[in-house]
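Below: the structure, in structure tokens.
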Amino acid sequence: MSLAAATRSVHVRAPGKINVYLGVGGRHDDGYHALATVFQAVSLYEDVIAREADDFSLTVSGVEDDGSVPLDDRNLAMRAAKLLATATEHRGGVALEIRKSVPVAGGMGGGSADAAAALVACDALWGTGLSPARLHDLAARLGADVPFALHGGTAVGTGRGDQLNPALARGRFDWLLATSAEGLSTPTVYGRLDELRDEEGALADDPPLSLDVPIPVLHALRTGDPWQLADAIHNDLQAAAVDLRPDLAVTIERGVAAGALAGVVSGSGPTVALLCADPETAQRVQNTLRDEGMDPLHVHGPVAGARIIG
Ligand code: ATP
């Protein structure tokens, strides 16, 4: 008897990500920017439970009921389920339950994790048995960060961030995540970056349309040395995110003052990732920041991508 037939539901867990490095190049004609990024999957997870149903439906918990997460076909998990059904000519639907832990619009790819989890869950529930390569293709059609949420670990993303290559990363890195109640819209942050570059004349010469991740970033990951990584972490979007949310620069300063090695805005923000030397230091810095009224989450990476639980 198949897993799906025995249980009639499948539970998948997928990680949020931080961008250890994010280089943003020129804008393509289709509006997308060339990227060179290093993703790291961290131990903050989205849970998606797929149950057999005749129609498609979705519930979401763990977030404010304020409309920030769409419950219709705009939801990436719903789109993932329907895309898989179409691609495999599966008849019938699914009742999806999403339990969110990754902050919404936080620059941590929570929606992408939901989409990756929904793909894996529905594939198992429906017994469609797609190859990893086909799942990857469907994931890429859903969004640039979705393939990474499938694979997890530490990976270099180029193109729009969707051309993935695993990066060698030794050991474990400890991060404190300073999240924000208020999200930042990814297109708004990219738009502000374009404006800032225009103002600075940085686009006077043609910006490069393809980029590479600097060697010191890859070297630091390979050695597993957090001090080396602290010197190498960088995000080209940070100036735009800080311009829109000046408090993010203060958060980084406070994190470093409390003992973190370095801090960086993750993706388009507003989540700030503070790199710590080891788990004990992370705990100490977390306590100090709590005394100051902040409430950062202690996570570690790299962790695995979307996985069936139980
Ligand atoms: P991006 O992937 O655009 O960089 P992000 O990681 O900052 O985004 P997400 O939480 O993934 O943030 O969501 C961005 C937007 O996508 C939300 O504001 C919401 O409107 C929409 N969205 C679609 N599906 C989901 C989902 N399953 N969970 C959260 N948001 C979703």
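Quick notes
- In this entry, segment 240-310 is assigned a mean projected area of 6.1 nm², taken as a quarter of its C-alpha convex hull surface.
- Relative packing of 60-67, 212-219, which averages over residues the other C-beta atoms within 10 Å, highest first: 212-219, 60-67
- Here the spin labels are modelled as points 7 Å beyond Cα on the Cα-Cβ line, and at Asp212 and His28 they lie 2.1 nm apart.
- Over the chain, dividing the summed -39,500 (n - 2.57) contributions of all DSSP H runs of at least 4 residues by the number of residues returns a 222 nm mean residue ellipticity of -11000 deg cm²/dmol.
- 3J(HN,Hα) along segment 245-257, derived from phi through the Karplus expression 6.51 cos²θ - 1.76 cosθ + 1.60 where θ = phi - 60°, amounts to 9, x, 5, 5, 5, 5, 4, 4, 4, 5, x, 5, 4 Hz, with x in place of Gly and Pro.
- The peptide list 276-283, 152-159, put in order of mean Cβ contacts within 10 Å with the highest first, becomes 152-159, 276-283.
- Segment 138-294: C-alpha pair distances exceeding 29 Å, %: 22
- Less than 5 angstrom separates the built amide H of Ala262 from those of Leu275, all sequence-distant by 5 or more or on a different chain.
- Taking θ as phi - 60° and the Karplus parameters 6.51, -1.76 and 1.60, the scalar couplings of segment 174-188 work out to 9, 10, 10, 9, 8, 8, 10, 5, 9, x, 10, 7, 4, x, 5 Hz in sequence order, x denoting glycine and proline.
- Antiparallel DSSP beta bridges within the chain, as percent of all bridges there, nearest 5: 85
- Relative contact order, percent, the chain [alpha-carbon distance under 8 Å, six or more residues apart]: 26
- Here the Karplus relation 6.51 cos²θ - 1.76 cosθ + 1.60, evaluated at θ = phi - 60°, turns the backbone of segment 123-138 into coupling constants of 4, 6, 4, 8, x, 6, x, 5, 5, x, 5, 5, 4, 4, 4, 5 Hz, with x for every Gly and Pro.
- Subtracting the Cα-Cα distance of Trp227 and Asp73 from their residue separation scaled by 0.36 nm leaves 51.1 nm.
- Here the scattering of segment 62-207 is modelled by Debye summation over its C-alpha atoms, one equal scatterer each and no solvent; at q = 0.12, 0.18 Å⁻¹ the log10 of I(q)/I(0) is -0.62, -1.17.
- Mean Cβ count within 10 Å, highest first, over the residues of peptides 11-24, 225-238, 83-96: 11-24, 225-238, 83-96
- Segment Thr188-Arg134, extension gain: residue separation times 0.36 nm, minus the distance between their alpha carbons: 16.3 nm
- Each residue, Leu297 and Asp247, gets one label point 7 Å from its Cα in the Cβ direction; the gap between the two is 1.8 nm.
- Direction-averaged projected area, Cα convex hull, segment 24-127: 8.0 nm², rounded to one decimal.
- For Val60, distant residues with modelled amide H under 5 Å away: Ile98
- Debye, to nearest 20: dipole size of segment 58-172, +1 on Lys, Arg Cβ, -1 on Asp, Glu Cβ: 400
- The Rg/Rh ratio of the chain, with both radii computed over alpha carbons and Rh defined as the Kirkwood radius, is 0.98.
Coordinate-derived values only; no laboratory data. The structure displayed is predicted, hence computed values, not measured ones. Counting neighbours? That spans all protein chains shown, and the Cβs are built from the backbone with ideal geometry, glycine included.
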